[in-house]
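Computed from the coordinates by the stated procedures, all read-outs in this text should not be read as laboratory data. The structure displayed is predicted, hence computed values, not measured ones. Positions of Cβ are backbone-derived with ideal geometry, glycine not excepted, and every protein chain shown enters the neighbour counts.
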Amino acid sequence: MAKVNILKSSLFSAHGNLEDTLKSIEENKLNLSSKSIETLDGLVEVPYFLFHKEMEENQDIIYKAIKSIVLELIVDLTSEQRKNTALLIGTSQIDLNIVNSIVDTLDDTIEFKSDKKSIDNYAKKISNELNLSGYTMTMSTACTSSANALLEAQNLISANIFKYVLVLGVEVHTSIMCSGFNSLRLLSLGKQTPFSKERDGLVLGEGLAGVLIGEEDSTWSLEGGYSNANSYTITASGVDGDEFYDVMNKALKKLKLKSKDITALKSHATSSVSNDLSEINAISRIFDKNIVFTALKPYVGHTLGACGILELVLFMAGIDKGFIHKTINVGESILDDYTPITKDYICTNGTFMLNYFGFAGNNVSIIIKKSQ
Amino acid sequence: MKLYIKEISNYQSDTENIDIKKELKSRYKLDTRRQNKFIHLALIGAERLKEKVNVSLDTELYITSNIGNIDVLQKAHSDVYLKGEFVKPYDFINMLGNTTNYYVSASFGIKDKNIFQISDSFSYIHSLISIYGSIYNKSKNVILGSVNLVSNPDIIIKRILGVLKDDILINSSSYQLLSFSNEDSIAELKFDTKIYSKQEIDIIIDNSDKQVVQLDFSTQMNFNSLIYKNITENISVLFIDSYNETYKILELNLLTK
């Protein structure tokens, strides 16, 4: 497989752009907001990492935000290079952008109009406006959406179909998604405490992030990874972590790596009761207790379909600054000898595994490398 | 780029009048509980392909849809926005695209890659391009499913798809087993990433020795089913797909198995 490098990256979280986000993390000033949601017990306020400006169902803002990330990523590309650039988006909310059309149909006074509103339609529009290749695709595999998009993008370059691929992760708040997570009792009313005995669920987050990948030289390379469908039940993996072990093991095997070759691991770590237990058990079956691992969701929330790219960008940005971000809110670990790092870990290069596990057993393990 | 169709299956509501849920239970002995119409539709096409081929554990699965699962979204929308209630757990789970993939991959016994993707236009050709990239790198066969459910009332899906009020839309579920190898294949698909102008397309049409089919909104939505129809009728076709006055072409060449 041809070498594919990560040439440029960008993100926008509840704390602002990448620079603002890193500053918020460094100063421990995290912008945690909240949303009211209807539950069996009445209205409940759930913590939520929200953008400063409300985006829900404001299609113009979502479109402009996606376009601004794309513009930032392609700024150095020539017009010829742009024509050879595909655009892939990972999001869990493809259908949710349709809500406006549903609302329109409920009001007979609103004229019938062909006004498509979807993430993929925005991608098409942006691709045309910016003279990209016109090839767009939107992946929707829940929390692994943009991680899958990244592996698909690598295939497109390795097969010499495109020279460059933009891969974006997009997730904005929608009441339906928030209510859905709550109905499965997966939301924490406090904070995310990854791999801790007191963990009680996840905190959702809004996020937009993107990378430009291609064959040109870069200090960061996308070595590859594995994506597979393997589930114990539709919403959970087995306690022993068989499914997570399987995808991590296959990623290592595919790249002819041993676990000792991995410098550090970015875990998925949703802080949900079952997912964290399965994940820590899988980690302990692949790596010995010296493995350096961290969880980034406590900083930005679980950005669902966007987390594949958003956490990748955040993880790389930390190492570019010389360290791996510590995990915050860590309590007593659910597995002896396996605790995520609680102090920033000095690290400037190496080979890293990033894991993403989604509903319906859609699991992805990605391996990236930073050269010295 | 070329891909070969090893086998193909199809269901479409305008040519068959069956109770899909009943068919899944009685003929294929499937447990259809906790699933919705979109998942049932996805499963009927999958089961029909399974009857024709042996699918290996490491086959990859791509399911594409022009719009996804509108029915469940309408219900969730009504629950949250109109009634002020919360989304029911299985409505939420079934709303996610890869829930459909979960049931379909379980039906095939697939444990490898499993992607649900949407492309509002050039959906079929763009999926073939993704799949070409995947097979190029992993040398595994891929199943491509296309599932499109018309919501009831259909006015919502028509607004979303941007089709005319009077257009007729159908439910469809069609699957193809795709490979790089032409051995035992029934058809060849030729495609590329090029976008053509109207002028270029006119020249291509004039020079084509094949039957030319220009897709409209309705046929774009059921492109897989159209491929099935032409394979069954043994017709090689040059398809022309379009979006906002840009065009892409796909050649379907029939092979003798």
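Sites counted here are GluC sites (Glu not before Pro) in a DSSP loop (not H, G, I, E or B) having no more than 10 other Cβ atoms within 10 Å; the longest part of chain A that contains none of them is A:112-372. Counting other Cβ atoms within 10 Å as a rough exposure proxy, the listed residues A:Thr339, A:Thr91, A:Thr144 run A:Thr339, A:Thr91, A:Thr144 from fewest neighbours to most. Pairs over the 31 Å Cα-Cα cut-off, from the set A:Lys29/A:Lys250; A:Lys125/B:Lys140; A:Lys35/A:Lys250; A:Lys83/B:Lys190: A:Lys29/A:Lys250; A:Lys125/B:Lys140; A:Lys35/A:Lys250. Semi-axis lengths, largest first, of the ellipsoid equivalent to the protein assembly as shown are 37, 27, 25 Å, with √(5λ) applied to each eigenvalue of the Cα gyration tensor. Taken over the C-alpha atoms, chain A has Rg and Dmax values of 19.7, 65 angstrom.
Given a 10 angstrom Cα cut-off, can you work out which residue in B:Ser151, B:Ser26, B:Ser65 is the most mobile in a GNM of chain B? Answer for the Gaussian network model of chain B: B:Ser26. The Cα center of segment B:1-63 and the Cα center of segment B:134-155 differ in position by 11 Å. Which of the three applies to segment B:161-218, rounded, prolate or oblate, going by the alpha-carbon gyration tensor with a ≥ b ≥ c and a/c under 1.5 meaning rounded? Verdict is oblate for segment B:161-218.
Each semi-axis of the equivalent ellipsoid for segment B:76-192 is √(5λ) with λ an eigenvalue of the Cα gyration tensor; in descending order they amount to 32, 20, 12 Å. Rounded to the nearest 5, the antiparallel percentage of DSSP beta bridges internal to chain A is 70%. Given segment A:229-312, report the % of alpha carbon pairs whose separation exceeds 17 Å. For segment A:229-312, the fraction of Cα-Cα distances above 17 Å is 51 percent.
Under a Gaussian network description of chain B, with springs only between Cα atoms under 10 Å, the residue in B:Ile205, B:Ile39, B:Ile125 that fluctuates furthest is B:Ile205. If both residues of a DSSP beta bridge must be in chain B, then about 70% of such bridges are antiparallel.
Helices in chain A, meaning DSSP H runs of at least 4 residues, each add -39500 (n - 2.57). Divided by all residues, the mean residue ellipticity at 222 nm is -9500 deg cm²/dmol.
According to the Cα-based calculation, Rg over Rh for chain B is 0.97, with Rh computed by the Kirkwood formula.
Distance from the C-alpha centroid of segment A:344-365 to that of segment B:160-174: 41 Å, rounded to the whole angstrom. Net charge in the neighbourhood of A:Lys23 (other residues with Cβ under 13 Å of its Cβ; Lys, Arg +1, Asp, Glu -1) is -2.
Of all segments of chain B bounded by GluC sites (Glu not before Pro) found in a DSSP loop with no more than 16 other C-beta atoms within 10 Å, the longest spans B:86-182. Note on chain B: GNM, Cα springs under 10 Å; of B:Ile235, B:Ile110, B:Ile203, the largest mean-square fluctuation is that of B:Ile203.
Neighbour counts of C-beta atoms inside 10 Å place A:Tyr299, B:Tyr247, A:Tyr338 in the sequence A:Tyr338, B:Tyr247, A:Tyr299, starting with the fewest. For the protein assembly as shown, DSSP calls about 70 percent of its internal beta bridges antiparallel.
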